[in-house]
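Following: one structure in structure tokens, then a few remarks.
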Amino acid sequence: MGCDMHRREAYIESEVSKYAKKLGWRPRKMEYIGRRGCPDRWFMRGQAQLVIIEFKDPNGKTSAAQKREINWLKLNGFDVHVVESIAQGREIFDDLWDSEDPL
């Protein structure tokens, strides 16, 4: 079961990353050196826009280290999300796209 959960999580991550890339975001797989809790992907775009996402299988749980890191990032003004579905991930980028001012 754990292997299936990991595959579903990886699939959600892959599909959301592809979608964001089509909208002009640069997805980067992130990992801290010597620390646990780094959210999975950091999405960057011009004008210093940054969206940070921890991907989870719908039945998965964030670890204590992940919860601490996500809370710290949010408290310091970062746009951080825990995403459990492709639709949820796409909605984040759709909302940002819709909120942009026209040039």
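Every read-out reported here was derived from the displayed coordinates using simple, explicitly stated rules and does not represent laboratory data. Because the structure is a prediction, the values reported are computed rather than measured. With ideal geometry, Cβ positions are generated from the backbone for all residues, glycine too; neighbour counts draw on all protein chains shown.
For the reader, a short list of remarks on this structure follows.
- Fewest neighbouring Cβ atoms within 10 Å first, the residues ASP57, ASP94 line up as ASP94, ASP57.
- Considering only Cα atoms, the convex hull volume of the chain works out to 107 Å³ per residue.
- Total lysine pairs under 24 Å (Cα atoms) in the chain, excluding pairs fewer than 8 apart on one chain: 14
- Restriction of the trypsin sites (Lys or Arg not before Pro) in region 40-103 to DSSP coil positions whose beta-carbon has at most 16 other beta-carbons within 10 angstrom yields LYS61.
- Size of charge dipole - the chain - debye, nearest 20, with Cβ of Lys, Arg +1 and Asp, Glu -1, no other charges: 500 debye
- Neighbour counts of other Cβ atoms within 10 Å put TYR19, TYR32 in the fewest-to-most order TYR32, TYR19.
- Amide H partners (placed H, <5 Å) of CYS38, local residues excluded: TYR32
- Cβ-based exposure ranking for GLU54, GLU91, GLU13, GLU31, in which fewest neighbours within 10 Å come first: GLU31, GLU91, GLU13, GLU54
- Local net charge near ARG90, Cβ-Cβ under 11 Å (Lys/Arg +1, Asp/Glu -1): -2
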